[in-house]
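Chemist: The structure follows.
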Amino acid sequence: MAKIVLGMWTSHGPTLSTTPEQWLLRVPADRQKHDHPFRGKTYDFTALVALRKAESLATQCSLEQRERRAAACRQAIETMADSFAAAAPDVAVIMGNDQHELFLDDVIPAITVFCGPTLWDRPASPEQAARMPPGIHEAEWGHSPPQYTEYPGKPELALRIIAHAMESGFDVAVSQRLPVHPTHWSSGIPHAFGFIYRQIMRDRVVPNVPIIFNTFFPPNQPSARRCFEFGRMVARAIEGWPSAARVALFGSGGMSHFVIDEELDQRIFAALRGRDAEALCSIEDSYLQSGSSELKNWITAAGALFETSLKGGVIGYQPCYRSEAGTGTANGFVCWH
(Lines give C-alpha, C1' and ligand atoms only; values in the text may rest on other atoms or scores of the structure.)
Protein backbone atom coordinates (compact mmCIF):
# COMPACT_ATOMS: atom_id res chain seq x y z
CA MET A 1 0.00 0.00 0.00
CA ALA A 2 1.02 3.63 -0.48
CA LYS A 3 2.56 5.44 2.48
CA ILE A 4 2.79 9.09 3.46
CA VAL A 5 6.50 9.57 4.20
CA LEU A 6 6.80 13.36 4.37
CA GLY A 7 4.62 16.20 5.57
CA MET A 8 5.36 19.87 4.96
CA TRP A 9 3.63 23.13 5.76
CA THR A 10 5.10 26.19 4.05
CA SER A 11 4.32 29.81 3.30
CA HIS A 12 4.47 30.79 -0.35
CA GLY A 13 3.95 34.55 -0.56
CA PRO A 14 5.77 37.37 -2.38
CA THR A 15 8.05 38.26 0.55
CA LEU A 16 9.81 34.93 -0.09
CA SER A 17 10.63 35.87 -3.69
CA THR A 18 11.34 39.60 -3.50
CA THR A 19 14.10 41.68 -1.94
CA PRO A 20 13.55 43.39 1.42
CA GLU A 21 13.48 46.69 -0.46
CA GLN A 22 10.73 45.40 -2.76
CA TRP A 23 8.52 44.44 0.18
CA LEU A 24 7.63 48.14 0.46
CA LEU A 25 6.05 48.15 -3.01
CA ARG A 26 2.87 46.82 -1.35
CA VAL A 27 2.67 49.55 1.33
CA PRO A 28 0.74 52.11 -0.80
CA ALA A 29 -1.98 49.49 -1.32
CA ASP A 30 -1.94 48.77 2.42
CA ARG A 31 -2.53 52.47 3.15
CA GLN A 32 -5.43 52.70 0.70
CA LYS A 33 -7.27 49.61 1.90
CA HIS A 34 -10.12 50.35 4.30
CA ASP A 35 -11.04 46.84 5.45
CA HIS A 36 -7.96 44.99 6.74
CA PRO A 37 -9.16 41.90 8.67
CA PHE A 38 -7.45 41.49 12.05
CA ARG A 39 -8.63 39.33 14.95
CA GLY A 40 -12.22 39.14 13.85
CA LYS A 41 -12.71 42.81 12.96
CA THR A 42 -11.72 45.11 10.09
CA TYR A 43 -9.68 48.30 10.23
CA ASP A 44 -8.27 50.92 7.94
CA PHE A 45 -4.52 51.57 7.96
CA THR A 46 -4.65 54.52 10.35
CA ALA A 47 -6.76 52.60 12.84
CA LEU A 48 -4.33 49.68 12.74
CA VAL A 49 -1.40 51.99 13.48
CA ALA A 50 -3.22 53.31 16.53
CA LEU A 51 -4.40 49.87 17.66
CA ARG A 52 -0.91 48.36 17.50
CA LYS A 53 1.12 51.35 18.68
CA ALA A 54 2.48 49.53 21.74
CA GLU A 55 4.08 46.85 19.54
CA SER A 56 6.69 49.29 18.12
CA LEU A 57 6.12 47.93 14.63
CA ALA A 58 8.00 50.80 12.98
CA THR A 59 11.14 49.19 14.39
CA GLN A 60 10.00 45.73 13.33
CA CYS A 61 9.76 46.82 9.69
CA SER A 62 13.14 48.58 9.45
CA LEU A 63 15.42 47.62 6.57
CA GLU A 64 17.78 45.86 8.99
CA GLN A 65 14.93 43.71 10.31
CA ARG A 66 13.63 43.02 6.81
CA GLU A 67 17.05 41.88 5.65
CA ARG A 68 17.51 39.64 8.68
CA ARG A 69 14.13 38.02 8.26
CA ALA A 70 14.53 37.57 4.51
CA ALA A 71 17.81 35.72 5.06
CA ALA A 72 16.24 33.50 7.74
CA CYS A 73 13.34 32.65 5.41
CA ARG A 74 15.72 31.75 2.62
CA GLN A 75 17.62 29.42 4.94
CA ALA A 76 14.37 27.76 6.02
CA ILE A 77 13.32 27.22 2.41
CA GLU A 78 16.66 25.60 1.61
CA THR A 79 16.30 23.32 4.63
CA MET A 80 12.82 22.32 3.50
CA ALA A 81 14.04 21.67 -0.03
CA ASP A 82 16.93 19.56 1.28
CA SER A 83 14.47 17.51 3.35
CA PHE A 84 12.24 16.96 0.33
CA ALA A 85 15.22 15.81 -1.73
CA ALA A 86 16.38 13.47 1.03
CA ALA A 87 12.92 11.91 1.38
CA ALA A 88 12.74 11.33 -2.40
CA PRO A 89 8.96 10.80 -2.54
CA ASP A 90 7.38 9.34 -5.66
CA VAL A 91 4.18 11.38 -5.53
CA ALA A 92 2.93 14.57 -3.86
CA VAL A 93 -0.49 15.79 -2.77
CA ILE A 94 -0.59 19.57 -2.39
CA MET A 95 -3.26 21.48 -0.49
CA GLY A 96 -3.33 25.03 -1.83
CA ASN A 97 -5.68 27.83 -2.79
CA ASP A 98 -6.61 29.95 -5.77
CA GLN A 99 -6.73 33.76 -5.79
CA HIS A 100 -8.64 34.41 -9.01
CA GLU A 101 -5.81 32.77 -10.91
CA LEU A 102 -7.75 29.76 -12.24
CA PHE A 103 -11.32 30.46 -11.13
CA LEU A 104 -12.90 33.80 -11.92
CA ASP A 105 -16.24 35.18 -10.84
CA ASP A 106 -18.20 32.99 -13.25
CA VAL A 107 -17.59 29.98 -10.99
CA ILE A 108 -15.57 29.51 -7.78
CA PRO A 109 -15.70 25.94 -6.40
CA ALA A 110 -15.16 25.47 -2.68
CA ILE A 111 -12.86 22.45 -3.21
CA THR A 112 -11.44 21.21 -6.51
CA VAL A 113 -9.32 18.11 -7.12
CA PHE A 114 -7.17 18.22 -10.26
CA CYS A 115 -7.20 14.81 -11.92
CA GLY A 116 -5.57 15.47 -15.30
CA PRO A 117 -2.32 13.95 -16.56
CA THR A 118 -0.54 17.27 -17.13
CA LEU A 119 -0.28 20.67 -15.47
CA TRP A 120 1.48 23.69 -16.89
CA ASP A 121 2.78 27.12 -16.06
CA ARG A 122 4.50 29.95 -17.88
CA PRO A 123 5.78 33.44 -17.10
CA ALA A 124 3.47 36.40 -17.52
CA SER A 125 3.46 38.23 -20.81
CA PRO A 126 4.29 41.97 -20.69
CA GLU A 127 0.55 42.67 -20.99
CA GLN A 128 -0.23 40.38 -18.06
CA ALA A 129 2.57 41.82 -15.94
CA ALA A 130 1.17 45.31 -16.51
CA ARG A 131 -2.14 44.20 -14.96
CA MET A 132 -0.51 42.96 -11.74
CA PRO A 133 -0.46 45.09 -8.59
CA PRO A 134 2.94 46.53 -7.57
CA GLY A 135 5.21 43.97 -5.95
CA ILE A 136 3.47 40.93 -7.44
CA HIS A 137 5.22 40.59 -10.80
CA GLU A 138 8.56 41.06 -9.04
CA ALA A 139 7.92 37.82 -7.13
CA GLU A 140 6.93 35.79 -10.19
CA TRP A 141 10.23 33.95 -10.54
CA GLY A 142 9.52 32.24 -7.22
CA HIS A 143 6.45 30.39 -8.49
CA SER A 144 6.54 30.49 -12.30
CA PRO A 145 9.23 28.97 -14.55
CA PRO A 146 11.19 31.13 -17.01
CA GLN A 147 9.43 29.47 -19.96
CA TYR A 148 6.32 27.38 -20.65
CA THR A 149 6.72 24.17 -18.64
CA GLU A 150 4.55 21.09 -18.20
CA TYR A 151 4.39 19.08 -14.98
CA PRO A 152 3.06 15.56 -14.35
CA GLY A 153 -0.24 15.01 -12.61
CA LYS A 154 -1.25 11.74 -10.95
CA PRO A 155 -4.74 10.83 -12.24
CA GLU A 156 -4.81 7.40 -10.56
CA LEU A 157 -4.44 8.88 -7.09
CA ALA A 158 -6.58 11.92 -7.86
CA LEU A 159 -9.50 9.76 -8.98
CA ARG A 160 -9.17 7.67 -5.84
CA ILE A 161 -9.32 10.81 -3.68
CA ILE A 162 -12.36 12.04 -5.61
CA ALA A 163 -14.16 8.72 -5.14
CA HIS A 164 -13.42 8.72 -1.41
CA ALA A 165 -14.53 12.35 -1.16
CA MET A 166 -17.89 11.63 -2.74
CA GLU A 167 -18.42 8.54 -0.61
CA SER A 168 -17.59 10.60 2.49
CA GLY A 169 -20.04 13.39 1.78
CA PHE A 170 -17.69 15.91 0.15
CA ASP A 171 -19.14 17.19 -3.14
CA VAL A 172 -15.91 18.18 -4.86
CA ALA A 173 -15.35 19.85 -8.20
CA VAL A 174 -12.95 18.14 -10.59
CA SER A 175 -10.65 19.47 -13.29
CA GLN A 176 -8.76 17.56 -15.97
CA ARG A 177 -7.07 20.56 -17.57
CA LEU A 178 -6.10 24.04 -16.52
CA PRO A 179 -8.22 26.80 -18.08
CA VAL A 180 -6.76 29.43 -20.38
CA HIS A 181 -7.95 33.00 -19.88
CA PRO A 182 -6.45 34.98 -22.80
CA THR A 183 -6.96 38.44 -21.27
CA HIS A 184 -6.41 37.55 -17.60
CA TRP A 185 -3.36 38.56 -15.56
CA SER A 186 -2.51 34.98 -14.53
CA SER A 187 -1.67 31.83 -16.49
CA GLY A 188 -1.22 28.22 -15.45
CA ILE A 189 -1.10 26.60 -12.03
CA PRO A 190 -1.71 29.01 -9.09
CA HIS A 191 1.26 30.29 -7.13
CA ALA A 192 0.37 28.13 -4.11
CA PHE A 193 1.47 25.14 -6.17
CA GLY A 194 4.11 26.77 -8.36
CA PHE A 195 6.03 27.82 -5.25
CA ILE A 196 6.27 24.16 -4.19
CA TYR A 197 7.43 23.13 -7.67
CA ARG A 198 10.11 25.79 -7.94
CA GLN A 199 11.42 26.33 -4.42
CA ILE A 200 10.76 23.12 -2.49
CA MET A 201 11.04 20.60 -5.33
CA ARG A 202 13.68 22.81 -7.02
CA ASP A 203 12.02 22.31 -10.42
CA ARG A 204 12.36 18.52 -10.16
CA VAL A 205 8.61 18.08 -9.92
CA VAL A 206 7.23 14.67 -8.99
CA PRO A 207 3.79 13.54 -10.19
CA ASN A 208 1.32 15.39 -8.00
CA VAL A 209 -2.33 15.97 -7.16
CA PRO A 210 -3.24 19.63 -6.55
CA ILE A 211 -6.26 20.11 -4.29
CA ILE A 212 -7.50 23.67 -4.67
CA PHE A 213 -9.46 25.39 -1.90
CA ASN A 214 -11.43 28.61 -2.05
CA THR A 215 -10.09 30.10 1.14
CA PHE A 216 -10.32 33.76 0.10
CA PHE A 217 -13.71 34.54 -1.37
CA PRO A 218 -17.10 34.49 0.38
CA PRO A 219 -19.71 33.09 0.45
CA ASN A 220 -18.51 29.50 -0.08
CA GLN A 221 -15.29 29.27 1.92
CA PRO A 222 -15.04 25.86 3.62
CA SER A 223 -14.73 26.08 7.41
CA ALA A 224 -11.64 25.08 9.36
CA ARG A 225 -13.44 21.96 10.59
CA ARG A 226 -14.53 21.03 7.07
CA CYS A 227 -10.94 21.41 5.85
CA PHE A 228 -9.56 19.27 8.66
CA GLU A 229 -12.06 16.50 8.01
CA PHE A 230 -11.30 16.65 4.30
CA GLY A 231 -7.62 16.13 5.11
CA ARG A 232 -8.46 13.07 7.21
CA MET A 233 -10.35 11.64 4.26
CA VAL A 234 -7.39 12.27 1.93
CA ALA A 235 -5.05 10.39 4.28
CA ARG A 236 -7.37 7.40 4.31
CA ALA A 237 -7.56 7.44 0.52
CA ILE A 238 -3.77 7.51 0.23
CA GLU A 239 -3.10 4.85 2.85
CA GLY A 240 -5.53 2.47 1.15
CA TRP A 241 -4.15 3.06 -2.33
CA PRO A 242 -2.80 -0.27 -3.70
CA SER A 243 0.54 1.18 -4.75
CA ALA A 244 4.08 1.10 -3.47
CA ALA A 245 4.28 4.90 -3.87
CA ARG A 246 5.90 7.01 -1.19
CA VAL A 247 3.82 10.16 -0.83
CA ALA A 248 4.67 13.70 0.30
CA LEU A 249 1.82 15.87 1.55
CA PHE A 250 1.90 19.69 1.59
CA GLY A 251 -0.09 22.52 3.11
CA SER A 252 0.86 25.60 1.07
CA GLY A 253 0.03 29.11 2.25
CA GLY A 254 -0.12 31.41 5.26
CA MET A 255 0.84 32.24 7.79
CA SER A 256 -1.05 35.34 8.99
CA HIS A 257 -1.27 38.12 6.42
CA PHE A 258 -1.83 40.72 5.10
CA VAL A 259 -1.96 41.93 8.69
CA ILE A 260 0.42 39.82 10.76
CA ASP A 261 -1.00 38.20 13.89
CA GLU A 262 1.77 36.37 15.72
CA GLU A 263 -0.66 35.08 18.36
CA LEU A 264 -2.71 33.32 15.68
CA ASP A 265 0.41 31.79 14.16
CA GLN A 266 1.54 30.49 17.51
CA ARG A 267 -1.89 28.90 18.03
CA ILE A 268 -1.31 26.97 14.80
CA PHE A 269 2.18 25.85 15.84
CA ALA A 270 0.95 24.74 19.27
CA ALA A 271 -1.87 22.73 17.70
CA LEU A 272 0.53 20.99 15.33
CA ARG A 273 2.93 20.16 18.17
CA GLY A 274 0.11 18.74 20.26
CA ARG A 275 -1.70 17.10 17.33
CA ASP A 276 -4.69 19.01 18.69
CA ALA A 277 -7.45 18.67 16.11
CA GLU A 278 -10.03 20.61 18.09
CA ALA A 279 -7.69 23.58 18.50
CA LEU A 280 -7.46 23.83 14.71
CA CYS A 281 -11.12 23.11 13.97
CA SER A 282 -12.37 25.68 16.45
CA ILE A 283 -10.46 28.69 15.07
CA GLU A 284 -13.06 31.35 14.33
CA ASP A 285 -13.71 31.88 10.64
CA SER A 286 -13.47 35.64 11.18
CA TYR A 287 -9.79 35.11 12.04
CA LEU A 288 -9.19 33.18 8.80
CA GLN A 289 -9.86 35.87 6.21
CA SER A 290 -7.78 37.57 3.53
CA GLY A 291 -4.28 36.05 3.39
CA SER A 292 -4.69 34.40 6.78
CA SER A 293 -7.39 32.26 5.17
CA GLU A 294 -4.58 30.23 3.62
CA LEU A 295 -4.02 28.69 7.04
CA LYS A 296 -6.97 26.49 6.07
CA ASN A 297 -4.55 24.77 3.68
CA TRP A 298 -2.37 24.06 6.73
CA ILE A 299 -5.39 22.79 8.65
CA THR A 300 -6.31 20.45 5.78
CA ALA A 301 -2.78 19.07 5.67
CA ALA A 302 -2.89 18.64 9.45
CA GLY A 303 -6.05 16.58 9.12
CA ALA A 304 -4.14 14.22 6.85
CA LEU A 305 -0.85 14.18 8.72
CA PHE A 306 -2.41 13.66 12.15
CA GLU A 307 -3.51 10.28 10.72
CA THR A 308 0.14 9.26 10.29
CA SER A 309 2.97 8.51 12.72
CA LEU A 310 5.19 11.23 11.23
CA LYS A 311 6.87 13.65 13.61
CA GLY A 312 8.85 16.84 13.26
CA GLY A 313 8.88 20.49 14.14
CA VAL A 314 9.14 24.10 13.11
CA ILE A 315 11.97 24.79 10.66
CA GLY A 316 11.49 28.54 10.77
CA TYR A 317 9.12 31.38 11.52
CA GLN A 318 9.56 35.02 10.57
CA PRO A 319 6.94 37.77 10.87
CA CYS A 320 7.96 39.85 7.87
CA TYR A 321 6.51 43.27 8.68
CA ARG A 322 6.47 45.97 6.03
CA SER A 323 4.66 48.81 7.83
CA GLU A 324 3.97 50.33 11.21
CA ALA A 325 0.38 49.07 10.92
CA GLY A 326 1.60 45.48 11.09
CA THR A 327 0.96 44.72 7.44
CA GLY A 328 3.18 42.14 5.80
CA THR A 329 3.38 38.36 5.73
CA ALA A 330 4.29 35.99 8.52
CA ASN A 331 6.26 33.12 6.95
CA GLY A 332 6.35 29.71 8.58
CA PHE A 333 7.88 26.35 7.72
CA VAL A 334 7.22 22.97 9.35
CA CYS A 335 8.50 19.54 8.34
CA TRP A 336 7.43 16.10 9.54
CA HIS A 337 9.09 12.88 8.41
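Chemist: Exactly one of these conditions fails for residue 124: (1) within 23 Å of residue 161 (Cα to Cα); (2) surrounded by 13 or more Cβ atoms within 10 Å (Cβ to Cβ); (3) of a type in the set (A, V, I, L, M). Give me its number.
Modeler: The number of the failed condition is (1).
One line per residue, one yes/no per condition, for (1) in contact with a Pro (Cβ under 9 Å, 6 or more places away or on another chain); (2) at pLDDT 95 or above:
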{"position": "114", "(1), (2)": "yes, yes"}
{"position": "120", "(1), (2)": "no, yes"}
{"position": "130", "(1), (2)": "no, no"}
{"position": "133", "(1), (2)": "no, no"}
{"position": "147", "(1), (2)": "yes, yes"}
{"position": "150", "(1), (2)": "no, yes"}
{"position": "154", "(1), (2)": "yes, yes"}
{"position": "158", "(1), (2)": "yes, yes"}
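Chemist: Answer yes if at least one residue in region 204-214 is more than 17 Å from residue 92 (Cβ to Cβ), out of contact with any Gly (no Cβ under 7 Å at 6 or more places or on another chain), surrounded by fewer than 21 Cβ atoms within 10 Å (Cβ to Cβ) and of a type in the set (A, V, I, L, M), and no otherwise.
Modeler: No, every residue in region 204-214 fails to be more than 17 Å from residue 92 (Cβ to Cβ), out of contact with any Gly (no Cβ under 7 Å at 6 or more places or on another chain), surrounded by fewer than 21 Cβ atoms within 10 Å (Cβ to Cβ) and of a type in the set (A, V, I, L, M).
Chemist: What's the number of the only condition in (1) within 24 Å of residue 223 (Cα to Cα); (2) more than 21 Å from the chain's Cα centre (by Cα); (3) surrounded by fewer than 20 Cβ atoms within 10 Å (Cβ to Cβ) that residue 53 fails to meet?
Modeler: Here residue 53 meets the rest and fails (1).
Chemist: Same structure, new question: Mind telling me which of the residues 138, 156 ends up being within 21 Å of the chain's Cα centre (by Cα) and touching a residue at least 40 places away in the same chain (Cβ under 8 Å)?
Modeler: After applying the criteria, what remains is 138.
Chemist: Here's a follow-up. Scan region 148-159 and tell me whether some residue there is in a helix (DSSP H, G or I), out of contact with any helix residue (DSSP H, G or I) (no Cβ under 8 Å at 6 or more places or on another chain), surrounded by 20 or more Cβ atoms within 10 Å (Cβ to Cβ) and aliphatic (A, V, I, L, M).
Modeler: yes
Chemist: Follow-up. Given (1) more than 15 Å from the chain's Cα centre (by Cα); (2) assigned to a loop (DSSP other than H, G, I, E, B); (3) modelled with pLDDT of 95 or more, where does residue 189 come up short, assuming only one miss?
Modeler: (1)
Chemist: Sticking with this one: Inspect all residues belonging to region 256-278 and state whether any of them is within 26 Å of residue 43 (Cα to Cα), touching a residue at least 12 places away in the same chain (Cβ under 8 Å) and in contact with a Cys (Cβ under 7 Å, 6 or more places away or on another chain).
Modeler: No, there is no match, as no residue in region 256-278 is within 26 Å of residue 43 (Cα to Cα), touching a residue at least 12 places away in the same chain (Cβ under 8 Å) and in contact with a Cys (Cβ under 7 Å, 6 or more places away or on another chain).
Chemist: Do you know which residues across region 281-337 are of a type in the set (A, V, I, L, M, F, W, C), touching a strand residue (DSSP E or B) at 6+ places or on another chain (Cβ under 8 Å) and closer than 20 Å to residue 233 by Cα?
Modeler: Listed by number, the residues that qualify are 298, 299, 301, 302, 304, 305, 310, 336.
Chemist: Using the structure shown, decide if residue 233 is over 21 Å from residue 100 (Cα atoms), buried (at least 18 other Cβ atoms within 10 Å of the Cβ) and over 18 Å from the mean Cα position of the chain (by Cα).
Modeler: Yes; evaluated as a whole, the condition is true for this residue.
Chemist: Take region 293-319 and flag every residue that is of a type in the set (Phe, Trp, Tyr) and surrounded by 24 or more Cβ atoms within 10 Å (Cβ to Cβ).
Modeler: Once the filter is applied, which keeps residues that are of a type in the set (Phe, Trp, Tyr) and surrounded by 24 or more Cβ atoms within 10 Å (Cβ to Cβ), region 293-319 yields only 298.
Chemist: Which of the residues belonging to region 95-112 are buried (at least 22 other Cβ atoms within 10 Å of the Cβ) and more than 16 Å from residue 183 (Cα to Cα)?
Modeler: 95, 96, 97, 98, listed by residue number.
Chemist: Right, something else. In the list 95, 80, which residue meets the criterion of being closer than 18 Å to residue 292 by Cβ and modelled with pLDDT of 95 or more?
Modeler: 95
Chemist: Is there any pair linking a residue in region 65-94 that is surrounded by 14 or more Cβ atoms within 10 Å (Cβ to Cβ) to one that is basic (Lys, Arg), with Cβ under 6 Å and at least six apart or on different chains, and which?
Modeler: Cβ pairs passing all conditions: 81/202; 89/246; 90/246; 91/154.
Chemist: Any chance region 133-145 includes a residue that's surrounded by 19 or more Cβ atoms within 10 Å (Cβ to Cβ) and among the aromatic types (Phe, Trp, Tyr)?
Modeler: Scanning region 133-145 turns up no residue that is surrounded by 19 or more Cβ atoms within 10 Å (Cβ to Cβ) and among the aromatic types (Phe, Trp, Tyr).
Chemist: Only one of 237, 245, 271 is over 23 Å from residue 2 (Cα atoms) and aliphatic (A, V, I, L, M); which?
Modeler: It is 271.
Chemist: Pairs only if they're at least six apart or on different chains, beta carbon under 7 angstrom, first in region 230-244 and under 21 Å from residue 215 (Cβ atoms), second part of a loop (DSSP other than H, G, I, E, B) and of a type in the set (S, T, N, Q); list them, first residue then second.
Modeler: These pairs meet every condition: 233/168; 235/308.
The values are calculated or read from the model by the stated rules, or taken from the named source; none is laboratory data. These numbers were taken from a predicted model, which means no experiment stands behind them. Glycine gets a Cβ as well: all are built from the backbone with ideal geometry, and neighbour counts include every protein chain shown.
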